[in-house]
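See structure below.
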Amino acid sequence: MNIYKTKDYDEMSRRAAAVIAAQVILKPDCVLGLATGSSPVGLYQNLITQYEKGELDFSKVTSVNLDEYQGLGPDHPQSYRKFMNANLFDHINIDLSRTFVPDGLEADSEKACTEYDQIIEQTGGVDLQLLGLGNNGHIGFNEPDEAFACGTHCVELTQSTIEANKRFFASEDEVPRYAYTMGIRGIMLAKKILLIVSGSAKAQALKDALYGPVTPKVPASVLQLHPDVVVVADEEAMKLL
Ligand code: F6R
């Protein structure tokens, strides 16, 4: 595991974008596993800037996103598909038909999850998986639990995650209670993992993830078992390390 400490969010975003840019340059037809939320917004802006300067070409890239809220379609302002289009895909030359997000509008959760696992398999596997970290140690929407979940599955969001994500919705009541998420196996099968973490609210979770016991109660702790993880975290997030 390689851990890089940055001064702040902006430096984290620049450094992490360099890891993704290197992946796209080295393997133009790579499969990127992508994340939503506040953590990757600056990183995506950096990638857009490099694309606009002609330094990056996404035309052969495939992407699979970690998760989607159940019940939210691509047109919903808080759906993760909408987020990805607005924050990255609409601004680069990626082929939208090769960008995948779980189908939030598929009410049959078993069908939605099985189909998503098939899509991931058909891509040939994720080369580089980008992850943010939940305040409770979650990755994707793999919430603290008694066991690690394997494949894509439907999760009931914890109160802590609902609290953390309500800032994007008009009220807490509007936060969906369920989401489809790639499982721990899907994440761990990625050849390389890039974890980005910013802010003091994540400090305890980051400490537990990197140096605590490997346990499903801190889902990100499983990353200790992956052979190729890069962590880029700012000073605030690293203050307990
Ligand atoms: C998002 C995701 C989540 C977030 C995590 C951190 O696709 O899977 O695990 O990465 O909740 O969210 P932010 O970055 O908003 O603090």
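The values are calculated or read from the model by the stated rules, or taken from the named source; none is laboratory data. Since the model is a prediction, treat every value here as computed from it, not as a measurement. Cβ placement follows ideal geometry from the backbone for every residue including glycine, while neighbour counts extend to all protein chains displayed. Remember, those area values only see protein heavy atoms, side chains included, never the ligands or the DNA or RNA. Shrake-Rupley method; radii C 1.70, N 1.55, O 1.52, S 1.80 Å.
So, Asp145, is that one away from the ligand (no atom under 12 Å from the Cβ), surrounded by fewer than 21 Cβ atoms within 10 Å (Cβ to Cβ) and within 21 Å of Pro102 (Cα to Cα) or not? Taking the combined requirement at face value, the residue does not satisfy it. Filtered by the rule that a residue be within 16 Å of the ligand (Cβ to nearest atom), part of a loop (DSSP other than H, G, I, E, B) and surrounded by fewer than 18 Cβ atoms within 10 Å (Cβ to Cβ), the range 1-36 gives a lone residue, Asp8. If only residues of the range 50-77 that are open to solvent by less than 60 Å² (accessible area, probe 1.4 Å) and hydroxyl-bearing (Ser, Thr, Tyr) are counted, the one that is nearest to the chain's Cα centre (by Cα) is Ser63.
Per the listing Lys202, Lys166, the residue uniquely modelled with pLDDT of 95 or more and not in a strand (DSSP E or B) is Lys202.
Could you say whether any residue in the range 78-90 is surrounded by fewer than 16 Cβ atoms within 10 Å (Cβ to Cβ) and within 30 Å of Pro227 (Cβ to Cβ)? Within the range 78-90 (the criterion being surrounded by fewer than 16 Cβ atoms within 10 Å (Cβ to Cβ) and within 30 Å of Pro227 (Cβ to Cβ)), the answer is no, since none of the residues qualifies. For Val222, the criteria (1) more than 14 Å from the ligand (Cβ to nearest atom); (2) part of a helix (DSSP H, G or I); (3) in contact with a helix residue (DSSP H, G or I) (Cβ under 9 Å, 6 or more places away or on another chain) hold in every case but one, which is (1). From the list Thr123, Thr99, Thr152, the lone residue that is touching an Asp or Glu at 6+ places or on another chain (Cβ under 8 Å) and open to solvent by less than 70 Å² (accessible area, probe 1.4 Å) is Thr152.
Being assigned to a helix (DSSP H, G or I) and aliphatic (A, V, I, L, M) is the filter; apply it to the range 169-197 and report the residue that is surrounded by the fewest Cβ atoms within 10 Å (Cβ to Cβ). Checked the range 169-197; the qualifying residue surrounded by the fewest Cβ atoms within 10 Å (Cβ to Cβ) is Met188.
Inside the range 107-126, can you point out the residues that are at negative phi and in contact (Cβ under 8 Å) with a residue 60 or more places away in the chain? Write out each step before concluding.
Step one: of the range 107-126, the residues at negative phi are 107-123, 126.
If the condition is that a residue be at negative phi and in contact (Cβ under 8 Å) with a residue 60 or more places away in the chain, then Ser109, Ala112, Cys113, Tyr116, Asp117, Ile120, Thr123, Val126 are the ones that fit.
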